[in-house]
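The structure appears right after this line, and notes come after that.
The values are calculated or read from the model by the stated rules, or taken from the named source; none is laboratory data. Computed from a prediction, not measured in an experiment: that's the story for all the values here. Here Cβ is always computed from backbone atoms with ideal geometry, including for glycine, and neighbour counts include all displayed protein chains. These accessible areas exclude ligands, DNA and RNA; they are computed on the full protein's heavy atoms, side chains included. Shrake-Rupley method; radii C 1.70, N 1.55, O 1.52, S 1.80 Å.
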Amino acid sequence: MKLKILVGTMTDTAESVAQSIQMACADQVDSIEVQRMDGLDTHVFDENALFLICSSTYGTGDVPDNAQALYLSLDAEPRYLGQVRYGLVALGDSSYGDTYGMGGLKLDARLQDLGAQRIGDICRLDASSGDEPENEAIAWCETWLTQALAAT
């Protein structure tokens, strides 16, 4: 099974998290591809893969600029995505209250509205925690991959 990690980022932290997952979890799947969301649309989900959405939050709870095209296409070109299985790593800062991790959570909600099925719990990475986001994400992903591969 291929794992495709789609990255929404403004400051490259989400990409660093995705690359750390790629290196640490390579032995759990056939291949792992990290792809920034720049210019993507709903057709990215046509690929036969397990998806991991790794997105930061920007501004007042928005998806990052490079994820805007994909997010908007999920509304502009709605289509059933019942074949899509994915996990979510949502980066944010809990000191922002209600908007904490909303970039990823908005993508998650829209994917679920279109029938995609999230596997497992959301990994929420808090920039104000003082913990290394890469280490937290790797620990979460190792468990998530076991669950996701058993469900596919």
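Taking region 27-59, which residues are in a strand (DSSP E or B) and either under 15 Å from Leu70 (Cα atoms) or more than 14 Å from the chain's Cα centre (by Cα) (or both)?
Correct list: Ser31, Gln35, Arg36, Phe51, Leu52, Ile53, Cys54, Ser55, Tyr58.
Would you be able to say whether some residue in region 92-115 is assigned to a strand (DSSP E or B), of a type outside the set (Phe, Trp, Tyr), touching a Ser or Thr at 6+ places or on another chain (Cβ under 9 Å) and surrounded by 16 or more Cβ atoms within 10 Å (Cβ to Cβ)?
Yes; the residues of region 92-115 include at least one that is assigned to a strand (DSSP E or B), of a type outside the set (Phe, Trp, Tyr), touching a Ser or Thr at 6+ places or on another chain (Cβ under 9 Å) and surrounded by 16 or more Cβ atoms within 10 Å (Cβ to Cβ).
Could you list all residues from region 124-138 that are part of a helix (DSSP H, G or I), open to solvent by less than 60 Å² (accessible area, probe 1.4 Å) and either among the small types (Gly, Ala, Ser) or free of Cβ contacts under 8 Å to residues at least 40 places away in the same chain (or both)?
Hits for region 124-138 are Ser129, Ala137.
So Asp121 fits all but one of (1) farther than 20 Å from Val34 by Cβ; (2) buried (at least 21 other Cβ atoms within 10 Å of the Cβ); what number is the exception?
(2)
Pairs only if they're at least six apart or on different chains, beta carbon under 7 angstrom, first in region 1-26 and without any contact (Cβ under 8 Å) to a residue 12 or more places away in the chain and in a helix (DSSP H, G or I), second surrounded by 19 or more Cβ atoms within 10 Å (Cβ to Cβ) and aliphatic (A, V, I, L, M); list them, first residue then second.
As it stands, the answer is Ala26/Ile32, since those pairs meet every condition given.
Only residues that are closer than 14 Å to Gly104 by Cα, open to solvent by 20 Å² or more (accessible area, probe 1.4 Å) and not acidic (Asp, Glu): list them for region 6-22, please.
Met10, Thr13
Return the total of residues in region 31-56 being in contact with a Lys or Arg (Cβ under 9 Å, 6 or more places away or on another chain), surrounded by 16 or more Cβ atoms within 10 Å (Cβ to Cβ) and among the polar types (S, T, N, Q).
Here the count works out to 2.
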